[in-house]
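Down below is the structure, laid out as structure tokens.
No value in this document is a laboratory result; all are computed from the given coordinates. From a predicted model like this one, the values you see are computed outputs, not experimental measurements. Here Cβ is always computed from backbone atoms with ideal geometry, including for glycine, and neighbour counts include all displayed protein chains.
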Amino acid sequence: MKPLELTISAIGPFAEQTEISFEKLGKQGLFLISGDTGAGKTTLFDAICFALYSHASGDTRTTDSFKSHHAQPQDLCFVEFTFSLEGKTYHIRRTPKQMVYSKRKKELIESSGEVLFTLPDQQVLTGRDANARIEELLGLNCEQFRKIVMLAQGEFRRFLDASSKEKQDIFRQIF
């Protein structure tokens with residue numbers, strides 16, 4: 001999987017819609033996200049992991065706390081992630097469960113989360129079908145993805161501490 005674009009809105013420190021083009025980072029296939037504490041590095045990892053698996057990149061955050069405290073009540077918290085795999089392009093749009101302002105009711109109401117997964121042939125999968133197809137395509141479940149691909153802050157230690165059997169299973173799945 002090669003990340004192409006990430007769009008996040010009303011998540012963590014990113015109150016406004018923010019777009020990141022990974023294609024502008026070059027073609028080397030490996031890049032580092034760095035910055036000051038609180039700049040949003042972990043939020044980017046959370047957004048990618050959330051788009052793919054509906055979970056944060058680590059165990060200390062939950063998706064129901066994704067919405068930015070700096071966003072307006074009417075702002076919808078969402079992630080869009082476009083990636084390529086074996087020369088084909090895929091697009092995911094996922095929103096977490098959140099409180100949003102209803103213009104009709106003139107109050108905050110709970111909005112259920114949703115996922116829209118657009119395949120290269122423009123077929124759109126939703127819900128469990130989308131989740132199952134994403135995991136099938138990537139060949140990794142969320143926990144494996146977190147340990148191998150993301151290596152989010154503090155999570156590398158967990159991979160190093162994993163049993164030989166767990167590491168063997170992860171590497172067998174990847175290679």
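What to note about this one:
- Cα-centred dipole magnitude for the range 1-148, charges only on beta-carbon of K, R (+1) and D, E (-1), debye, nearest 20: 180
- Pairwise centroid distance, computed over Cα atoms, of the range 69-118 with the range 3-21, Å: 11
- Taking each of Lys147/Lys167; Lys41/Lys147; Lys2/Lys97; Lys2/Lys24; Lys67/Lys97; Lys41/Lys88 in turn, the alpha-carbon distance tops 19 angstrom for Lys2/Lys97; Lys41/Lys88.
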